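Enquirer: Okay, handing you the structure first.
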Amino acid sequence: MFGWFKKKTAIETRSSGSGYTAQIMAARESYIAGSGGIGELTATVQACVSLWENAFALADVHGTDLLTRAHMALLARSAAVRGEAVMLITGNGLVPCADWDLSTRNGIPRAYRLSVSEAGGGRTETALAAEVLHLRIGSDMVTPWTGSAPLRRAPLTADLLHQVESALRDVYRDAPIGSLIIPLPEGSADDMATMRAAFRGRRGSSLVIEGVAQSTAAGMNPNLGKSPDQLSPDLSKSMTAETLDAARGAICMAFGVLPGLMNKATTGPMVREAQRHLAGWTLQPLAELLAQEASAKLGAAVMIDVGRPLQAFDAGGRARALAQIIEAMGRAKELGLSPAQMESALLSVNFGGGDGLA
C-alpha cells in the first residue's frame, strides 16, 4: 500500500537507427518510392524488360506444370521492374501477388502477408514461407529477403536518361523549331503590326517580322542583314546525341543487354552475340535461382533452360567444328589409323598434350 504514494519514474525508450523499424523502412523503400524515379517510362528500359519477359516466356521448364509461360512472363517482368516477384502456391496454380509483407528468422522469410488483386477489389491472405514462391535478385546484406531492380542499382544513369529524354521532349514541344526572323522593307506602323500579328505563334513559320531599319541600325546600311535569322535551337553543341547514346548503353548494360544490340549499324553476328550474352550471363542465372526456389517449394526437381529456346549458341561455329571433325576422321581413315589411335589423338589435341595426329 505504501507503494501507491511513491512517485513513479517514467522509463525512457529510444529507437535505434538499426532497429526493426529502420529495417522495415529500408525493405519497403522500393515499393513506396519506386525503383529509381520514372526511368521505367523510357523506351530503352521497356525494350530491356520486354527481352527479359519474352525470354522467360520461351524458357523450357521441366519438373512442374505450375510455372506456365504466362507465369514465367509475369515473374520476369516483376523481377526486371521491381527486383522481386511473389506468387502464392494454391491447388489451382500460382496466384500473382501485388504486395506483400513478411517476417523473417535469421534473414530467411518465415511467413507472408499477401495482397492479391481481384477485378472487384483485392484481398489479403496470410501464408507460410513454404506456400509462397519468392524470386528476388540483387539482394544485399542488409535486407537479404528483398530484391532490387537494375534501375534502382543504377539510379543516376536512369535519372540521366530520363532527364535527357524529357529535355528533348520539351525542346521539340516548346522551341520555335523552323521559325525565322525575316527582315522586310519599312512600312507604316499599322502594316508592320498587322504583319507581326499574322505570324505570331505559328510554329515553323516566321515568328517575328522586323524592318530593315530596325535590323541595320536605323537604316544606316539598308543592304545589310536581309537574310532570315534561324530560331531553331542548335542541339549539337549540347552533345545531346552523345549523352543520350551513353545513357542508353549504360541502361542496357544494367539489364545485361549489350549496347551494340541497339545500334542502328548492328549486324547479324552482333545480334547473336548479344542474345548469347543476355541468355548466358543474365537470364540463365535468374532461371537457376527460380528453379532452386521452385524445387524447394514445389517438392520436385525443377529445371529451367533459357539457352535452347532462344538459340543462344553459336550454331555456325558448331557446324564448322562438326565439318572439321568429319573431315579429320575421313583423313585419319585414309591414313589407316585405328579408332583407338584417333581417340587418343583427339584427346591430345583437346587437352594440349602430344603433337596431335602426327
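The values are calculated or read from the model by the stated rules, or taken from the named source; none is laboratory data. Remember, predicted model here, so these are calculated numbers, not experimental data. When we count neighbours, we look across all protein chains shown, and the Cβ atoms used for this are built from the backbone with ideal geometry, even at glycine. The area values use the complete protein model at the heavy-atom level, side chains included, leaving out ligands, DNA and RNA. Shrake-Rupley method; radii C 1.70, N 1.55, O 1.52, S 1.80 Å.
Enquirer: If we count every other residue with Cβ under 12 angstrom of Glu327's Cβ, Lys/Arg +1 and Asp/Glu -1, where does the sum land? Intermediate results must be reported in sequence, preceding the final value.
Expert: Numbers: positive: Arg320, Arg331, Lys333; negative: Glu334.
With Lys, Arg at +1 and Asp, Glu at -1, the net is +2.
Enquirer: Now a separate question. Quick one: accessible surface of Glu125, probe radius 1.4 Å, all protein chains present, in square angstrom to the nearest 10.
Expert: Accessible area of Glu125: about 60 Å².
Enquirer: For segment 77-86, take each phi angle, set θ = phi - 60°, evaluate the Karplus expression 6.51 cos²θ - 1.76 cosθ + 1.60, and give the result in whole Hz per residue in order, putting x for glycine and proline.
Expert: 5, 5, 5, 6, 8, 10, x, 7, 8, 10
Enquirer: How do Ile108, Ile304 stack up against each other in accessible area, from largest to smallest, with a 1.4 angstrom probe? Mind dumping the intermediate values first?
Expert: Values: Ile108 105, Ile304 10 Å².
Largest accessible area first, the residues go Ile108, Ile304.
Enquirer: Given H placed on each backbone N at 1.01 Å, which residues far from Arg110 in sequence or on other chains put an amide H within less than 5 Å of it?
Expert: Amide H neighbours of Arg110, under 5 Å, 5+ apart: Ser103, Thr104, Arg105.
Enquirer: Let me check something: with ligands and nucleic acids excluded, how do Met87, Met141, Met303 order by accessible area (1.4 Å probe), largest to smallest?
Expert: Of Met87, Met141, Met303, the descending order of accessible area is Met141, Met303, Met87.
Enquirer: How much accessible surface area, in Å² rounded to 10, belongs to the heavy atoms of Asp234 with a 1.4 Å probe?
Expert: 80
Enquirer: Also, I was wondering about something else. Taking amide H positions as placed 1.01 Å from N in the peptide plane, with prolines and chain starts having none, which residues 5 or more places from Ser148, or on another chain, fall under 5 Å of its amide H?
Expert: Ile137, Gly138, Ser139
Enquirer: Calculate one ³J(HN,Hα) per residue across segment 232-238 by plugging θ = phi - 60° into the Karplus curve 6.51 cos²θ - 1.76 cosθ + 1.60, and present them in order as whole Hz with x for glycine and proline.
Expert: 5, x, 8, 7, 5, 6, 8
Enquirer: Taking amide hydrogens as modeled 1.01 Å from N in the peptide plane, which residues meet the under 5 Å criterion relative to Thr90, leaving out close sequence neighbours?
Expert: Long-range HN contacts for Thr90: Val95.
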